[in-house]
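Every number here is computed from the coordinates shown, using simple stated rules; none is lab data. Only a predicted model underlies this, so the values are computations on that prediction, with no experimental measurement involved. Don't worry about glycine lacking a Cβ; one is built from the backbone with ideal geometry, like all the others, and counts go over all protein chains shown.
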Ligand SMILES: [Ca+2]
């Protein structure tokens, strides 16, 4: 099932070297992206990501950094879910049958600037407003809502959340900020300028990620669903499943609404999905592994995307990450 050099029998000369290089790249890429997911027994989601990674891998021959330290082990071949095209003999054949052309755009991060980020902040929500980050941080007894200087990472203001709440995603609607909680079924409304609490509302699901597209809230809850909500009442107005190559995608976490698209980092991976909220289809997948993410603690994962309209670029960070990156998402190299 799992591709290895044995699959290259019969491929000769320089082409063999090229194919072998790509297969090695794919093995590393797939292993890094899905290892933790295998352990969480979500084969459907893993299969979806596997399809995407296989499809994007062939164009990633110039992948900048992938150290052996990150590749902690190779998955048992028996644990790899069956995916159409993933068992073919060469990388080219696998990718060619796994995903049709143009279905998912393969993207990588181009780092423009690096800034400090509070390494004690378990980032759950991030947006930029009037040149200042609005950030939600999680964990019980440590959650807050804060305003942060992007240039220095300095916390300009912090309002702690009661210890029975685990704060999650956040978004701004006009002069208010709405903040989710993980399993407490409560969303807080704050004054965006003063961080004074205005009200709280209830909802039935988990709370993970939240963004505002200019007319409605879009929310994730760990399931493959995007839930649409009225920004004032928080009432549900609709929902749609998110799919990648026809497979539902779980664990969509922090969100950012940009120009009609929804960007979602996928929890416990270094992937960011671009979702068309009209269809739920993932139209692009960003491989953010080039960012210098901490390897410990285990929960220090990518989480936090904020759009900067003034520079037309994104800020990206993670839970307990010491750095914040300003990046572009650009097409993966084709060399
Ligand atoms: Ca965001």
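Descriptive notes on the structure:
- Sorting the segments 162-168, 134-140, 310-316 by their mean number of nearby beta carbons within 10 angstrom, highest to lowest, gives 134-140, 162-168, 310-316.
- Packing here is the average count of other Cβ atoms within 10 Å per residue, and on that basis the peptides 269-275, 183-189, highest first, run 269-275, 183-189.
- Rough spin-label spacing in nm, given labels placed 7 Å along Cα→Cβ, for residue 308 and residue 129: 1.9 nm
- Global geometry of the range 150-209, whether rounded, prolate or oblate, following the gyration tensor of its Cα atoms and the 1.5 cut on a/c: prolate
- Across the range 147-220, Cα pairs under 8 Å and at least six residues apart give a relative contact order of 23 percent.
- The range 106-331 shape via C-alpha gyration tensor axes, a/c threshold 1.5: rounded
- Förster radius 25 Å - calculated FRET efficiency between residue 235 and residue 198 (Cβ-Cβ, nearest 0.05): 0.90
- Inter-label distance, residue 215 to residue 159: 3.0 nm, where each label sits 7 Å from its Cα along the C-beta direction.
- Theoretical gain in end-to-end length, residue 261 to residue 149 [0.36 nm per residue, Cα-Cα removed]: 37.7 nm
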